[in-house]
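**Student:** I'd like to ask you about the structure that follows.
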Amino acid sequence: MKTLLIPVDFSESTENVIKYAAGFSCDTHVDRIILLRSYYVSMYAQLLPSADFVQMSAENINAEREKVEANLKHLSTELYRKCMPTIKIETALSDLPLVRAVHNLIARERPSIVLIGSDEIPYENDSYIGEQIIAIAKTSPVPVLIVPGHVQYQKIETALVPCDFGAISRLSALQTFRDPKKWLHPQLMVLNVDAKQKYKENEQLAAGLVSLLEGYDFKVYHSEDKDIVHGIFSFAREHDPQMIIALPGKYSFFYNLTHRNITKALALNARRPVLILK
């Protein structure tokens, strides 16, 4: 693990994800954390008056930008106080829309993970980032870790990995984290949610899992729930892992969800972070 990228907007979810990042960075050999603030003012906002019939002038825009820069500096200072002194804290202010700003910084700085704070109830709080979280999670070329509001950091000793056993090759994405300097090596709870239980007794599948998860301590679980998302979160409530890992590709439970269902899933998952692999 080297660099964390954290988009911020000074909301309650940002305050929480900063606290989470401090603990997470201490356990995962992070060298650098970049706080990104998108300060995008559309052409319409510059040309058209607001609801209060106030048109933004260049002076207004510059004054607001200076305020954002001051808040960003304050946030970085707070994070520095919570982190190990060896971790470098940087800030970035972008004039691009948030999703483009994230992609631009990923291309330039090559972070290991994007860390995002989500609202407890999506779209019902004051987080601008919360409104963009699905777009970032689906389009980011690097893994994205979504931290629900008010979730405090706990050392990641167990992680739930939902997996379609018809496409176990997707588990190879976990190989990126085999290096102990990049990961905590939690015990993996590999869960297959399948009402028909087609793969419950399959020796060839078991051998494939051992090969793909070499170096990991893992156990295999099965759920007969007809609703994949419900099955995953019911299992999570019962076994209480510190993290849920979403595998990449079209067989991932996360990528198969519609926009509405992802919002519902994030709302249901109010207690543990979700790491979305790529």
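We did not get these values from a lab; they are worked out from the coordinates using the rules stated. This one's a predicted model, so the numbers in the text were calculated from it and none came from an experiment. Please note: Cβ atoms are built from the backbone with ideal geometry, for glycine as well, and neighbour counts cover all protein chains shown.
**Student:** Gain in length, GLN152 to GLN204, computed as 0.36 nm per residue apart minus the alpha-carbon separation, to one decimal in nm?
**Tutor:** 14.8 nm
**Student:** Find how much the distance from THR77 to TYR40 grows on full extension, using 0.36 nm per residue of separation minus their present alpha carbon separation; answer in nm with one decimal.
**Tutor:** Extra length available between THR77 and TYR40 comes to 11.0 nm.
**Student:** Still on this structure, please answer the following. At 7 Å along the Cα-to-beta-carbon direction for both GLU90 and GLU109, put a label point, then send me their distance in nm to one decimal.
**Tutor:** Using points 7 Å along Cα→Cβ, the separation is 0.6 nm.
**Student:** What is the calculated FRET efficiency for ALA63 to ARG271, with r their C-beta to C-beta distance and R₀ = 45 Å, to the nearest 0.05?
**Tutor:** That pair, ALA63 with ARG271, gives E of 0.65.
**Student:** Another one. Multiplying the sequence separation of ARG237 and TYR128 by 0.36 nm and subtracting their Cα-Cα distance, what value in nm do you get?
**Tutor:** Taking ARG237 through TYR128 to full extension adds about 36.4 nm, to one decimal.
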